[in-house]
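**Q** Here's a structure for you.
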Amino acid sequence: MLINYLLLVFLFLGVRGSEDDVIELTDSDFSTLANHENSLVMFYAPWCGHCKRLKPEFAKAAELLKDNDPPISLIKVDCTEGGKESCNKFSVSGYPTLKIFAGSDMVNDYNGPREAAGIAKYMKGQVGPASKKLSDVKALEAFLDSNDVGIVGFFEKEDSSLATTFQTVAKKLREKFQFAHTSEKSVIKEKKMKDNIVLYRPKVLHNKFEDDSVTYEGQDSIADIIEFISSKAHGMVAVRTRDNHADFKNPLVVAYYNVDYKKNPKGSNYWRNRILKVAKNFPKLNFAISAKDDFQHELNEFGVEFSDGKKPIALARNEKNQKFVMQDEFTVETFEKFLTDLEGDKLEVYMKSEAIPEDNSGNVKVAVSKNFDDIVMNNDKDILIEFYAPWCGHCKQLAPIFDELGDKMANEDVEIVKMDATANDVPPLFEVRGFPTLFWLPKDSKDKPMKYEGGRQLDDFVKYIAKHSTEKLKGFNRKGEEKKSKEEL
């Protein structure tokens, strides 16, 4: 019992310690912000759910930054109590709102990551010179003793054209990478560099399959140097995180497992090195590893509901964004076969799909991924399709109207279709960013769907279909007016 009690006290103090690194200001002492050289201020409300989720990450980031040079302070202001006037002064209308300050001057709105490591890295990129000046070899070694990619410029003259270009690149990419430069003769002589730009990979990722550093050999061009850094920074097998996941393009192969370079770098590299061994033979593919707990939503998109993370699960997307799952247990041999079959178009495309409805005889047809081509693309009728989400309020309001529309079009050369876009993969031909999203597909040009932007009442749909239908409707004229029967005449 005593051990458990002491453990709880230790954990509590550990959490408190990180929270104590965040400074809380009110209206009465907000003027002391001027004493902080650089700061990130979080304007929040205690009841706000997003604020509650951000606060522990904010505290961890403060702990990561407490010894930074130049100093960076993380500050919070309660907009519902003692900080109301300060929040009004800076036009805070939602929570949390984060702003970057230099002294008492607001510099920028913060638009960076919302997790601790990302916040710390982003803020380091906002303060001080874009590139750190290195005075000797010891300073260079200290700069490279990091878990981040380091880009170093070695220049005989600080004002040379290449040195000036390097500084411009550093300013553009400072939020993503750390830069340093030197013109000291002793450093240039020691490293045998002269007017060179060198990208150094983090020591923790060094391996026998690729060089630890890469030297730029292109022209004195901002665009070319940026392309060099972007293409080489992550190495042959990148460590893909929530912070940098947008950097990676298809065709992409990702191995998900218990990746943790803080707590278990050796275990993280055990599998990464095996992936590297295979990846070097497939230069046309992009490779990455990701912590499975950070990307469970992606695993779910490939039908993987659970993984203990002990062995990698390999998933891939080709240039068409089609999805593929490695079914076999991970070994070097099975992984190599998976990649060979991927490049040879021998793998079955994975589609998230509901089961095909047993009865689909209603006037509004139900499309799922498995029957989409039959119901929509290969159907010889014009199609109006709705992509919806079951929880969407607007979709629920539209449902009875769509049912009525299906009845109206029951005897026409038009099919009314709906698809749950949360339970099925939406084909790449359709861009669905919100719900409901509707498209019109004429029967003779299904490869060119037109987004429906009209009204959502029954009469609006009927008029649209009557106007755009390939063949004239039997029951309506081109204006959408119902035709009178002979008996009525």
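The values are calculated or read from the model by the stated rules, or taken from the named source; none is laboratory data. If you're wondering where the values come from, they're calculated on a predicted model, not measured in any experiment. Backbone-built Cβ (ideal geometry, glycine too); neighbour counts: all protein chains shown. Ligands, DNA and RNA are excluded from the accessible area calculation, which covers all protein heavy atoms including side chains. Shrake-Rupley method; radii C 1.70, N 1.55, O 1.52, S 1.80 Å.
**Q** For the chain, what is the accessible area per residue in Å² when the probe is 1.4 Å?
**A** Accessible area per residue: 56 Å².
**Q** Just how large is the dipole of the chain about the Cα centre, in debye to the nearest 20, putting +1 at every Lys and Arg Cβ and -1 at every Asp and Glu Cβ?
**A** The calculation lands at about 820 debye.
**Q** Quick check on the range 225-317: of the DSSP beta bridges with both residues there, what percent are antiparallel, nearest 5%?
**A** Here the share of antiparallel DSSP bridges comes out near 35 percent.
**Q** A further question follows. May I have the extent of the alpha carbons of the range 227-341 along their three principal axes, as whole Å values ordered from largest to smallest?
**A** Projected onto the principal axes, the Cα atoms of the range 227-341 cover 37, 34, 26 Å.
**Q** For a label point 7 angstrom out from the Cα of PHE209 toward its Cβ, which stretches of the range 316-357 have the backbone nitrogen within less than 14 Å?
**A** 331-340
**Q** Could you order peptides 102-115, 120-133 by the average number of other Cβ atoms within 10 Å of their residues, highest first?
**A** With the highest mean Cβ count within 10 Å placed first, the list reads 120-133, 102-115.
**Q** Tell me the volume per residue, in Å³, of the convex hull enclosing the alpha carbons of the range 105-255.
**A** 142
**Q** Let me ask you something else. Placing +1 at every Lys and Arg Cβ and -1 at every Asp and Glu Cβ, with all other atoms neutral, what dipole size does the range 301-443 have around its Cα centre, in debye to the nearest 20?
**A** Details: 16 positive and 29 negative charges, 84 e Å.
Dipole of the range 301-443, to the nearest 20 debye: 400 debye.
**Q** Sticking with this structure for a sec: Take the Cα coordinates of the range 38-171, assign each an equal point scatterer, and use the Debye formula without solvent to give log10 I(q)/I(0) at q = 0.18, 0.22 Å⁻¹.
**A** Reported log10 I(q)/I(0), two decimals: -1.02, -1.35.
**Q** Just to verify a number: FRET efficiency for SER135 and LYS467, C-beta to C-beta distance, R0 = 60 Å, to 0.05?
**A** 0.20
**Q** Which ³J(HN,Hα) values, rounded to whole Hz and listed in residue order, are derived for the range 188-196 from phi using the Karplus coefficients 6.51, -1.76 and 1.60 in 6.51 cos²θ - 1.76 cosθ + 1.60 with θ = phi - 60°, glycine and proline given as x?
**A** Working through the residues one at a time gives 4, 5, 4, 8, 6, 10, 8, 6, 10 Hz.
**Q** Any idea what % of Cα-Cα pairs in the range 401-489 are farther than 17 Å?
**A** 53
**Q** With the calculation restricted to Cα positions, what are the radius of gyration and Dmax of the chain in angstrom?
**A** Looking at the chain, its Cα Rg and Dmax stand at 29.1, 102 Å.
**Q** Angle between the Cα long axis of helix 332-343 and the longest principal axis of the chain, 0 to 90 degrees, nearest 10?
**A** 50
**Q** Right, another one. Mind ordering 183-192, 408-417 by average Cβ neighbours within 10 Å, highest first? Mind showing how you got there, number by number?
**A** Values: 183-192: 13.6, 408-417: 19.6.
Most protected by this proxy first, the peptides run 408-417, 183-192.
**Q** Now for a different question. Determine the calculated [θ] at 222 nm for the chain from helices alone, applying -39500 (n - 2.57) to every DSSP H run no shorter than 4 residues and normalising by the residue count; nearest 500 deg cm²/dmol.
**A** -9500 deg cm²/dmol
**Q** For the range 419-489, what is the charge dipole size about the Cα centre, in debye to the nearest 20, if Lys and Arg each add +1 at the Cβ and Asp and Glu each add -1 at the Cβ?
**A** 340
**Q** Compute the angle between helix 393-408 and the longest alpha-carbon principal axis of the chain, please, reported from 0 to 90 degrees and rounded to the nearest 10.
**A** So the inclination is approximately 30 degrees.
**Q** Sticking with this structure for a sec: With label points built 7 Å along Cα→Cβ from the Cα atoms of ASP195 and PHE90, find their separation and express it in nm.
**A** So the label points at ASP195 and PHE90 sit 4.6 nm apart.
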